[in-house]
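Asks: Below: one structure in structure tokens.
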Amino acid sequence: MRLNPKFAWAHYDLACLDVLEGKPGAAFRNLNRAIDCGFKDASYLLQDSDFQSIREDSRWKMILDRIEQPLAVARLKGIH
């Protein structure tokens, strides 16, 4: 993180650690940071069992929407 604070996977990995430590708020903050830094692999996120415990949280849908909406727009424009 110190070497490259914009590395999306570092924030994603921190989110994994947060959720496993029972810190859902921190997990969602780090998932949002990962998305801000370019994370956009919704299928990977959906398959990651680390996040099983927070999938019923209302913030989970917001995370998925942040990833999927820009991709849908890009597909409509033929940019994917």
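Asks: Could you please tell me which pairs satisfy a Cβ distance under 7 Å, a separation of 6+ or placement on different chains, a first residue in segment 1-24 that is of a type in the set (D, E, K, R), and a second residue that is assigned to a loop (DSSP other than H, G, I, E, B) and surrounded by 14 or more Cβ atoms within 10 Å (Cβ to Cβ)?
Replies: Lys6/Cys37
Asks: Which condition number in (1) under 13 Å from the mean Cα position of the chain (by Cα); (2) modelled with pLDDT under 95 is the one that Leu3 fails?
Replies: (1)
Asks: What pairs come up if the first residue lies in segment 26-43 and is crowded, with 19+ Cβ neighbours inside 10 Å, the second is among the polar types (S, T, N, Q), and their beta carbons are under 9 Å apart, counting only those six or more places apart or on different chains?
Replies: Close Cβ pairs satisfying both conditions: none exist.
Asks: Now, a different point. Filter segment 27-44 down to residues that are assigned to a helix (DSSP H, G or I) and either more than 23 Å from Gln69 (Cα to Cα) or modelled with pLDDT under 95 (or both) and give me whichever is nearest to the chain's Cα centre (by Cα).
Replies: Ala42
The values are calculated or read from the model by the stated rules, or taken from the named source; none is laboratory data. Keep in mind the model is a prediction, meaning the values are calculated, not measured. Every residue, glycine as well, gets a Cβ built from its backbone with ideal geometry; the counts of neighbours run over all protein chains shown.
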